[in-house]
């Protein structure tokens, strides 16, 4: 296939860093939780006491920046270059762009006197929290935003595309909610190993359902 003519449907929030020309259909949306909610008020009441900030998404960075909080005396830790790129400065960047990458980075730091703060999505995996608790490291985390399916009109016709790009497990779930199944004649691309694993599991489960239905 000639890549110049390949038509790509990108389902994530921000296609600006994708290396190919795409049609952007943001199949998910993020919604910040109210900053007057009890959990967030309680978490941010101690913001000056936090020594390290952990950012595992660009959305979390953007929401905190909108609050005009000072990061000046904080150690800033980000997962991957894309998230780090939104910060004016960053102290540590996990090259493994997963929660596991953050954990491996934290293992290298002296955190005996630290108080870490991790603002994140409601859908974040508990990998970081589990590590901090097991290691006895002082931390505070809070759910900063929720992720929802985003059904925008007009819904794209999959017949017009050669490739579909998934950027997170939530884009996979939202795609299946909207379209019902994966097309068999398209290239399905997952960004990141967590998304790739999710896509593989969902494809296998849908193939089993299809095989069962055709056998009946």
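The values are calculated or read from the model by the stated rules, or taken from the named source; none is laboratory data. Because the structure is a prediction, the values reported are computed rather than measured. Counting neighbours? That spans all protein chains shown, and the Cβs are built from the backbone with ideal geometry, glycine included.
Computed values, structure above
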| quantity | calculated |
| --- | --- |
| Residues that are assigned to a loop (DSSP other than H, G, I, E, B), at pLDDT 95 or above and touching a helix residue (DSSP H, G or I) at 6+ places or on another chain (Cβ under 8 Å), drawn from segment 36-70 | 56, 57 |
| Wholly within segment 118-216, strands (runs of 3 or more DSSP E) carrying at least 2 residues that are assigned by TED's automatic domain parsing to the domain that holds residue 56, modelled with pLDDT of 95 or more and farther than 19 Å from residue 8 by Cα | 139-149 |
| Criterion (within 30 Å of residue 46 (Cα to Cα) and crowded, with 16+ Cβ neighbours inside 10 Å) met by exactly one of 191, 137 | 137 |
| Enumeration of residues in segment 75-84 that are modelled with pLDDT of 95 or more, surrounded by fewer than 19 Cβ atoms within 10 Å (Cβ to Cβ) and over 14 Å from residue 119 (Cα atoms) | 75 |
